[in-house]
1. On a 0 to 90 degree scale, rounded to 10, what angle separates helix 149-162 from the longest Cα axis of the chain?
2. I'd like the antiparallel share, as a percent to the nearest 5, of DSSP beta bridges with both residues in the chain.
3. Using a 7 Å offset from the Cα along the Cα-to-Cβ direction at both Ala132 and Ser113, what is the distance between the two label points in nm, to one decimal?
4. Got a sec? Which residues in the stretch 213-253 would a label at Val263 touch, if it sits 7 Å along Cα→Cβ and we count backbone N under 14 Å?
5. Among the lysines, which fall within straight-line cross-link reach of Lys152, defined as a Cα-Cα distance under 20 Å, with same-chain neighbours fewer than 8 residues apart omitted?
6. Which lysines, on any chain, are close to Lys56 with Cα under 16 Å apart, when same-chain ones fewer than 8 places away are left out?
7. Tell me the relative contact order for the stretch 109-211 as a rounded percent, counting alpha carbon contacts under 8 Å between residues six or more apart.
8. Can you tell me the orientation of helix 251-260 relative to the chain, as the angle in degrees between its alpha-carbon axis and the longest Cα principal axis, to the nearest 10?
Amino acid sequence: MLNKPAPGAASGRPFLQVEGLAKAYPGSSEPVFDEVNFGIDRGEFVCIIGHSGCGKTTILNVLAGLEGASAGHVFMDGREVAGPSLERGVVFQGHALMPWLTVRKNIAFAVRSKWPDWTSAQVDAQVQKYVALVGLSGAIDKKPSALSGGMKQRVGIARAFAIEPKMLLLDEPFGALDALTRGTIQDELLAIVRETQQTVFMITHDVDETVLLADKILLMSNGPQARVAEIVRNTMPRDRQRATVHHDPQYYPLRNHLVDFLVARSKDLSHGKAPAHPPTVEPGRGALADAPPSVTLKAVA
Ligand SMILES: Nc1ncnc2c1ncn2[C@@H]1O[C@H](COP(=O)(O)OP(=O)(O)OP(=O)(O)O)[C@@H](O)[C@H]1O
Ligand SMILES: [Mg+2]
């Protein structure tokens, strides 16, 4: 089956462009990361994976405009990112809800900021729609202190979606969810993203989640001086489903490639040994299901 390219993939300059990004802290001889270069096309779902501490959250915060980089630039839709904007919806690694406000009011606050001219009824309808989507209608008038960790995370997800941003930035959004809820919300996320052609940058530690959700995977080497070492294209069809994706002949070559990077290669590439301009690879393209990933790896750029 042919794989459809992400929308916007052929339009030249990517929707989001990251150039020469670096972050260094005073008193440290090496930067946390440097020479981070990658692009994200409009409508593309991109996951970044890498070991704890390599700088994933820092990169996401820079893309969100919440933190400055030591060097480099981020452009979104042709304009440089210079501060926070309601064009980017963020789900934080911690849920970051306002503890004195109910679920309804936490989300309404964001919705009202985005559409200040809306009536209360319009705001409430938008809030209810997205609260229902994450299965929390019954808890809409509770405060965060009365919710479990997973429920709080779902409120954070609903808040980011409710402002219908140009881009979603998700920092381990499903980390506190049990496996069943995680699967349900992942499916919901995929459905919304496909329907709205949303552009997504998501941090995760979960290889299976990555293989299901991502069109493109950024592999980050270990710090210090971490980099995006390789860009992996998911060559499975975009309409892949959780129940059947593992039967695709490209599933295991792709999954094995990601695991091999995390357990072995990521360490050897710390201290700036990864290339500044990472190659794009397609593990498993045209491969037999049981062929080892090293045989099937094909560089495409
Ligand atoms: N104020 C600071 N001073 C010095 N180093 C810092 C400071 N803040 C963060 N760091 C370092 O920056 C690095 C990157 O942190 P970041 O939170 O971006 O990592 P991460 O890849 O998201 O990790 P995790 O997977 O654990 O969430 C870490 O090694 C951390 O020690
Ligand atoms: Mg992090």
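Read-outs: derived from the displayed coordinates by stated rules, not from any lab. Just so you know, these numbers come straight off a predicted model, no measurement behind them. Reconstructed Cβ throughout: ideal geometry from the backbone, glycine too, with neighbour counts over all protein chains shown.
1. 90
2. Of all bridge pairs located within the chain, approximately 45 percent are antiparallel.
3. With each label placed 7 Å out from Cα toward Cβ, I get 2.6 nm.
4. Once the point is set 7 Å along Cα→Cβ of Val263, 253 turn out to lie under 14 Å by backbone N, inside the stretch 213-253.
5. Answer for Lys152, where 20 Å is the Cα cut-off: Lys105, Lys129, Lys142, Lys143, listed by chain and number.
6. Output for Lys56: Lys23, Lys216, Lys267.
7. Relative contact order for the stretch 109-211 comes out at 27 percent.
8. 80
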